[in-house]
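One structure is given below, encoded as structure tokens.
The values are calculated or read from the model by the stated rules, or taken from the named source; none is laboratory data. None of these values were measured; they are calculated from a predicted model. Cβ placement follows ideal geometry from the backbone for every residue including glycine, while neighbour counts extend to all protein chains displayed. Accessible surface areas use protein heavy atoms only, side chains included; no ligands, DNA or RNA. Shrake-Rupley method; radii C 1.70, N 1.55, O 1.52, S 1.80 Å.
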Amino acid sequence: MLSLSASPSTAAAAAAKLSRVPSAAPHQKTTSADFFSQKVQLNSLRSSCSAIKSMADSQTISVPKNEQQSPASGKKQALISLSDKKDLAFLGTGLQQLGYTIVSTGGTASALEGAGVSVTKVEQLTHFPEMLDGRVKTLHPNIHGGILARRDQKHHMEALSEHGIGSFDVVVVNLYPFYDKVTSTGGIEFEDGIENIDIGGPAMIRAAAKNHKDVLIVVDNEDYPELLEFLKVDRDDQQFRRKLAWKAFQHCASYDSAVSEWLWKQTMGDKFPPSFTVPLELKSSLRYGENPHQNAAFYVDKSISEVNAGGIATAIQHHGKEMSYNNYLDADAAWNCVSEFQNPTCVIVKHTNPCGVASRGDILEAYRLAVKGDPVSAFGGIVAFNIEVDEALAKEIREFRSPTDGETRMFYEIVVAPKYTKKGLEILRGKSKTLRILEAKSNEKGKLSLRQVGGGWLAQDSDDLTPQDIQFNVVSDKSPAESELNDAEFAWLCVKHVKSNAIVIAKVCVSLMLRFKNSLQMYQ
């Protein structure tokens, strides 16, 4: 900001002299150049206002009066200011062909001109240059007045006419890439983070969204084609306008959420702030929920803390049917369990509960033992590995016969692993057209765990504790052998992922888990 100060006596004298300056005729627009030239003519003020004159001479842009559009001129105006300029040429050309005068800022204006689109620069309307390293460009009545004026309010339109302000029919804005900057590899310095907080962009978006009855607001390049089609037929579709307005406010809300999360961590670092927002982005609509009569959808957590933090939500699906609500729950359970182990491990899950777990130096043997743990439950389950699925393992998954009869090939809903070889993936794709093949990254430690209850949420640290993180104290007369300690550590990791009450008994390389009437054998 620019700060000018003067002593009370000097200010009073200047005010008295300025009061004698002839005023402009009613409704006559006075440019910044005119305003400051009048000051220059006041010789008695030269000494006390030299700083103001100097600033005016260096920063004020003189624009002919006839370049300012009147709201009564009937011209259609679109305001475009973009950080992400994807499909900008398509948008600009389309609007120009529809007869819109395009007003734009800085780099956006240059990109439009480079694409052969005629542009009126924002400073030609504001009569003031971009300043403060770009912090102030569009924060001006000549911009926001043209966005916020209600066309059905006579006094609004009269005010625009009085001050020579043109109205905007379309506003297309997206924001500084704050989210991408603060989540980039290596992070970002605090001051750089602050400078990537957009101010003018959200102000224009919110203004246009509030006045969506008269102004179309677009924040997503995916909406450009639909916008141009809407403008071609010139129909009055308030639902379309409301949808764009909702999207605009949601865009700002997600942006503000990222800024808030980042700034809280920079300031306090506490995992449990007094309030916070979880930004969710729709990944897919699901056929149904936990039961066929329930509608469902799947959302990805776009919190900064979740970037590159792993988990099933960001898994890549290489093959198979679309995921269902229960598929996500089961795959999450299997992946979280198998990710606990250091040695090559296979986990098979049915209805979110492990029904077979085995760790071995040979992953093929681990897979066979996991199936044998409960072959009936394993059939139609989810199988997860914590190492790469290669050609040999893929063949074993495809051809392995159920231990119950020795003939039936094992059937699975999902296979999930950290990666696949090209040949391994090809073989698994040939097992079944419906087999879902997921490639996932292990969850990072230190996440915030949320669980919904009626009317609220429970928050806690994620359960990341492993046997390696604790000191086992022997309280019995007999000290356990090393193999017994290994079994205890193995059982510790398994029981963590079994729902409800569970008992895990491990001896040598065999663990037996009992949960109510169900049994689960696990091999280490």
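Can you tell which of Ile348, Ile363 is surrounded by 21 or more Cβ atoms within 10 Å (Cβ to Cβ), in contact (Cβ under 8 Å) with a residue 12 or more places away in the chain, farther than 17 Å from Glu439 by Cα and out of contact with any Ser or Thr (no Cβ under 6 Å at 6 or more places or on another chain)?
Ile363
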For the range 298-326, how many residues are free of Cβ contacts under 8 Å to residues at least 40 places away in the same chain, open to solvent by less than 40 Å² (accessible area, probe 1.4 Å) and outside any loop (DSSP other than H, G, I, E, B)? 3
When Gly166 is evaluated against the numbered criteria (1) modelled with pLDDT under 90; (2) in a helix (DSSP H, G or I); (3) open to solvent by less than 10 Å² (accessible area, probe 1.4 Å), which criterion, by number, is the only one it fails? (2)
Tabulated pairs, the range 462-479, first more than 12 Å from Phe341 (Cα to Cα), second part of a helix (DSSP H, G or I) and at pLDDT 85 or above, C-beta under 8 angstrom, 6+ apart or interchain: none
Scan the range 431-454 for residues that are small (Gly, Ala, Ser), open to solvent by less than 70 Å² (accessible area, probe 1.4 Å) and assigned to a loop (DSSP other than H, G, I, E, B) and jot them down. Ser432, Ala440, Ser442, Gly446
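Give the residues of the range 455-468 that are surrounded by fewer than 10 Cβ atoms within 10 Å (Cβ to Cβ) and either at pLDDT below 85 or of a type in the set (Gly, Ala, Ser) (or both), sorted by residue number.
So the first thing to find is which residues in the range 455-468 are surrounded by fewer than 10 Cβ atoms within 10 Å (Cβ to Cβ), and the list is 455-458, 468.
Hits for the range 455-468 are Gly455, Gly456, Gln468.
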Inside the range 106-131, can you point out the residues that are open to solvent by 20 Å² or more (accessible area, probe 1.4 Å), under 18 Å from Gly201 (Cβ atoms) and in a helix (DSSP H, G or I)? Gly106, Gly107, Ser110, Ala111, Glu123
I need a count of the residues in the range 132-163 that are in contact with a Phe, Trp or Tyr (Cβ under 9 Å, 6 or more places away or on another chain), aliphatic (A, V, I, L, M) and assigned to a helix (DSSP H, G or I). 2
Restricting the search to the range 386-419, which residues are of a type in the set (A, V, I, L, M, F, W, C) and either closer than 22 Å to Gln342 by Cβ or surrounded by 22 or more Cβ atoms within 10 Å (Cβ to Cβ) (or both)? Ile387, Val389, Ala392, Leu393, Ala394, Ile397, Met410, Ile414, Val415, Val416, Ala417
For the range 227-279, enumerate the residues that are open to solvent by 60 Å² or more (accessible area, probe 1.4 Å) and touching a His at 6+ places or on another chain (Cβ under 7 Å). Arg242
Pick out, from the range 189-241, the helices (runs of 4 or more DSSP H) lying fully within it that include 3 or more residues that are of a type outside the set (S, T, N, Q) and farther than 21 Å from Thr105 by Cα. 190-195, 224-233
Taking Val383, is it β-branched (Val, Ile, Thr), touching a residue at least 12 places away in the same chain (Cβ under 8 Å), open to solvent by less than 20 Å² (accessible area, probe 1.4 Å) and part of a strand (DSSP E or B)? yes
Go through the range 93-105 and count every residue that is hydroxyl-bearing (Ser, Thr, Tyr) and either within 30 Å of the chain's Cα centre (by Cα) or surrounded by 21 or more Cβ atoms within 10 Å (Cβ to Cβ) (or both). 3
Pairing a residue in the range 180-200 that is over 13 Å from Gln266 (Cβ atoms) with any residue that is surrounded by fewer than 17 Cβ atoms within 10 Å (Cβ to Cβ) and hydroxyl-bearing (Ser, Thr, Tyr), where Cβ atoms lie under 9 Å and the two sit 6 or more apart in sequence or on different chains, gives Asp198/Ser83
Note down all Cβ pairs under 6 Å where the first residue falls in the range 90-116 and is aromatic (Phe, Trp, Tyr), the second is open to solvent by less than 10 Å² (accessible area, probe 1.4 Å), and they're at least six residues apart or on different chains. Tyr100/Ala78
Those residues of the range 268-287 which are under 21 Å from Pro177 (Cα atoms) and among the polar types (S, T, N, Q), in sequence order: Thr277
The range 132-154: number of residues that are more than 12 Å from Gly200 (Cα to Cα) and open to solvent by 30 Å² or more (accessible area, probe 1.4 Å): 9
